[in-house]
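The values are calculated or read from the model by the stated rules, or taken from the named source; none is laboratory data. Because the structure is predicted, anything quoted here is derived from the model rather than measured. Note that each Cβ is placed from the backbone with ideal geometry, even for glycine, and that neighbours are counted across all protein chains shown. Note: areas computed on protein heavy atoms with side chains; ligands, DNA, RNA excluded. Shrake-Rupley method; radii C 1.70, N 1.55, O 1.52, S 1.80 Å.
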Amino acid sequence: MRKEVILGAAFGAALASPFTANASGGHWLVDDAAIFPPGTLGLELWYEDFGDSTNGFVIEPAYTFNNGLELTGVIESFSFGDGREETYGVELKSLWRDFEAGDDFGIGWVVGTRNDDAGSLDEIFAYIPVTFPLTDGNWLLHLNAGWMQDRSGADNKDGFFYGVGSQYAITPRMELIGEVFTGTGEDLLAQAGVRFSLGDGPGLMDISYARNLDNSDDDWFTIGFAWEF
């Protein structure tokens with residue numbers, strides 16, 4: 001899963017009404033309980049710079065079917081010095097309660113896989129995203145808890161992860177986002193940034209900074225974009 005790729009790379013070196021694309025989502029480690037509207041194609045992409053010649057580029061096209069099931073494809077490419085690693089994945093997401101449709105809060109489920117560039121299954125994961133809208137929807141609180149199985153080694157390794165995130169709209173076209181995220185046996189990561197709407201269309205831009213809060217000074221910067229069609 002991308003969350004674990006980010007954890008490894010770092011250790012080794014909802015939604016206010018003006019924002020019409022995906023809410024937290026994208027490069028944020030803590031996901032939201034929201035999906036693109038049914039019949040909508042979404043596209044998210046971002047670039048991450050970890051320093052020391054380590055960087056990553058990710059693209060995620062997504063489509064939500066009329067039954068409310070969102071299907072996302074994931075293409076990731078990470079550079080580690082002189083080497084480069086590609087992974088590919090598929091994610092399914094659906095909601096039991098939808099705060100954007102008028103429910104008091106949002107809750108859903110996500111399952112997915114990651115494969116290496118040879119097609120071998122590296123990871124299986126599942127998690128529950130929950131979103132609570134606060135102060136008339138200008139402030140969103142996101143909670144995640146999930147399980148991941150690393151199948152890349154000789155033995156399968158199971159672990160759990162969880163995180164807390166928040167979004168706050170400070171103007172009709174700009175919002176602040178922050179989060180903390182950790183997993184079984186992993187360090188605590190924090191990320192904060194700002195999101196802008198791109199003109200009057202359904203495009204968004206994110207700029208963020210993330211840092212390991214525990215035993216190292218690992219950090220990274222991200223710039224990301226999202227559209228829906």
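A few notes on this one:
- Ellipticity estimate at 222 nm from DSSP helix runs (n ≥ 4, -39,500 (n - 2.57)) divided over the chain, nearest 500: -1500 deg cm²/dmol
- Ligands, DNA and RNA aside, Tyr47 has an accessible area near 90 Å² when probed at 1.4 Å.
- At R0 = 22 Å, FRET efficiency that the Cβ-Cβ distance of Phe229 and Ser152 yields, to 0.05: 0.05
- Here the Karplus relation 6.51 cos²θ - 1.76 cosθ + 1.60, evaluated at θ = phi - 60°, turns the backbone of region 82-90 into coupling constants of 8, x, 9, 10, 10, 9, 9, x, 9 Hz, with x for every Gly and Pro.
- Between amide H atoms placed 1.01 Å from N, distances below 5 Å from Phe80 occur with Glu85, all of them 5 or more places distant or on a separate chain.
- Loop-located GluC sites (Glu not before Pro) across region 26-120 with a Cβ neighbour count of 15 or fewer within 10 Å are lacking, with loop assigned by DSSP.
- Computed lengthening from Trp96 to Ser79, 0.36 nm per intervening residue step minus Cα-Cα distance: 2.3 nm
- Accessible surface for Leu188 stands near 60 Å², nearest 10, in the context of the full protein assembly shown (1.4 Å probe).
- If the chain linking Ala126 and Ile207 were pulled fully straight, counting 0.36 nm for each residue of separation and taking away their Cα-Cα distance, it would gain 26.5 nm.
- Length gained when the stretch Asn66-Asp214 is fully extended (0.36 nm per residue, less Cα-Cα span): 48.9 nm
- Annotation: Cα Rg of the chain relative to the compact-globule expectation 2.2 N^0.38 Å equals 0.96.
- Note on Val90: accessible area is roughly 70 Å² with a 1.4 Å probe, heavy atoms of protein only.
- Each residue of region 64-69 is assigned a 3J(HN,Hα), and the resulting list reads 9, 6, 5, 7, x, 8 Hz, derived from the Karplus form 6.51 cos²θ - 1.76 cosθ + 1.60 (θ = phi - 60°), x at Gly and Pro.
- Across region 106-123, coupling constants 3J(HN,Hα) worked out from phi with the 6.51/-1.76/1.60 Karplus curve, θ = phi - 60°, read x, 8, x, 9, 9, 10, x, 9, 10, 10, 7, 6, 8, x, 6, 6, 9, 8 Hz, and Gly and Pro carry x.
- Element breakdown for the chain at a 1.4 angstrom probe: carbon and sulfur atoms account for 58% of the accessible area.
- Probe 1.4 Å, accessible area per residue of the chain, Å²: 45
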